[in-house]
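Scroll down for the structure; my scribbles are underneath it.
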Amino acid sequence: MTTIQEQVQQGEGIIPLDENAEVILETRGLAKHFELAGGFMGFGTKPTLKAVDGIDVVVRAGETVGLVGESGCGKSTTAKLLLGLEKPTDGQIFFKGEDFTKMSRAAKRDYRKNVQAVFQDPWSSLNPRMRVRAIVAEPLQIVTKMTRGQINTRVDEVIEEVGLNPYQANLYPHEFSGGQRQRIGVARALALNPEVMVLDEPVSALDVSIRAQILNLLVDLQKEHNLAYLMIAHNLATVRYMCHTTAVMYLGTIKEIGDSEPIFTNPLHPYTQALISAALPSHPDIEREEIILPGEVPSPVNPPSGCTFNPRCPVKIGDVCETWAPALTEEERRHWVSCHLYGDAREAFESGQSAPTAPSSDEE
Ligand SMILES: Nc1ncnc2c1ncn2[C@@H]1O[C@H](COP(=O)(O)OP(=O)(O)OP(=O)(O)O)[C@@H](O)[C@H]1O
Ligand SMILES: [Mg+2]
């Protein structure tokens, strides 16, 4: 049996990214902290859960940015922030250079039209009582001033584009297979002709045998419309083949981000190294042992000080890791890492000097 990646590769694959492509979506210091119930009898400070704690991501036209990391690291919360389903505690979201919070109502409407979502579970994201035509037409009815005839034509168009037959628009979601249902989800997201799609584990709920079909559909649509994707996925092999850029999250922050190929062939952060070694079988030519991390992911309610990965880090270099959060720095061209191993602290550590006494600036 061929693997998903082999099947995805049998498609034409993603086209290389034009580095000068327009930046469509950008986050700066984006954060979401949830205030939890607690304190003493309703008094005192309530604990805060730092689901997303200051992330910078750039998504360009025609680019797929993959967001990976263990369960609970803040991927879906990031997706919800971008979709306007959660309000950021801090930081900014820019759409084509414009700060969302400073947008006019019309510009915000335009943002919502241009940033669409495909969720993991096509069962729960499609209303079982609505025919597919109504499901796909709904965003058009809400957002546009199109006539009924224009909407019908557009629905037929997108239904065909996702590989379904227009007559199927008169059926209900339960009359479709899982893969077809996810095609309907994609058609609905596509109807408004968006510039960005946020894909939160778009194939995780599907049968392994049909995942590649949906991934290839997404690749084809990207080529056709120069779509930008922010894609959350658990399967690292899929991310490697689907994403131009990969961002590795841990406890609400990005530990490593850059072009996917160097991230997968030469991961710099000890966390990325562990994640990849556990998920991807080593290349026969490369001796790479699986790195087993000690302990569990700490709670985002009280994240460790300094580098949040330090309690589990197999190559921690000392106090510096427990004290200062390392800045995300460009270690190779388009390959950023947030780790003291690559900063001044490492040099100081190796030369036997004490670690630098001031944290490096978070500014790049
Ligand atoms: N509404 C909320 N209130 C409180 N905590 C929340 C809320 N939503 C998410 N969280 C917490 O925020 C953290 C990040 O959750 P999130 O769903 O973003 O993770 P994820 O990376 O998508 O995980 P998974 O891979 O399991 O989908 C988790 O600790 C989660 O429990
Ligand atoms: Mg999630």
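The values are calculated or read from the model by the stated rules, or taken from the named source; none is laboratory data. Since we're looking at a predicted model, the values are computed, not measured. Positions of Cβ are backbone-derived with ideal geometry, glycine not excepted, and every protein chain shown enters the neighbour counts.
What the table shows:
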item: Matching residues in region 84-107 - criterion: being of a type outside the set (Gly, Ala, Ser) and assigned to a helix (DSSP H, G or I); result: PHE100, THR101, LYS102, ARG105
item: Count - residues of region 48-69 that are within 13 Å of ligand 2 (Cβ to nearest atom) and at negative phi; result: 4
item: Residue selected from region 79-101 under the condition in contact (Cβ under 8 Å) with a residue 60 or more places away in the chain and within 9 Å of LEU30 (Cβ to Cβ), by the criterion farthest from ligand 2 (Cβ to nearest atom); result: GLN92
item: Selection status of GLY72, within 14 Å of ligand 2 (Cβ to nearest atom), in contact (Cβ under 8 Å) with a residue 60 or more places away in the chain, in contact with a Cys (Cβ under 8 Å, 6 or more places away or on another chain) and not hydroxyl-bearing (Ser, Thr, Tyr); result: no
item: Single residue of SER277, SER299, SER282 found to be in the same structural domain as CYS339 (by TED's automatic domain parsing) and at pLDDT 90 or above; result: SER299
item: Test: residue in region 63-83 that is within 16 Å of ligand 1 (Cβ to nearest atom), among the aliphatic types (A, V, I, L, M), in contact with a Pro (Cβ under 6 Å, 6 or more places away or on another chain) and not in a helix (DSSP H, G or I); result: no
item: Meets criteria (away from ligand 2 (no atom under 16 Å from the Cβ), in a loop (DSSP other than H, G, I, E, B) and out of contact with any Ser or Thr (no Cβ under 9 Å at 6 or more places or on another chain)) for THR45; result: yes
item: Residue in region 95-118 that is assigned by TED's automatic domain parsing to the domain that holds HIS244 and within 12 Å of ligand 1 (Cβ to nearest atom) present; result: no
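Yes or no, residue by residue, for (1) part of a helix (DSSP H, G or I); (2) more than 19 Å from GLY66 (Cα to Cα); (3) among the aliphatic types (A, V, I, L, M):
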| site | (1), (2), (3) |
| --- | --- |
| ALA134 | yes, yes, yes |
| GLN141 | yes, yes, no |
| GLN150 | yes, yes, no |
| VAL186 | yes, no, yes |
| SER204 | no, no, no |
| GLN213 | yes, no, no |
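For (1) surrounded by fewer than 23 Cβ atoms within 10 Å (Cβ to Cβ); (2) of a type outside the set (A, V, I, L, M, F, W, C); (3) part of a helix (DSSP H, G or I), each residue gets a yes or a no:
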site: ARG240; (1), (2), (3): yes, yes, yes
site: ILE292; (1), (2), (3): yes, no, no
site: PRO300; (1), (2), (3): yes, yes, no
site: GLY306; (1), (2), (3): yes, yes, no
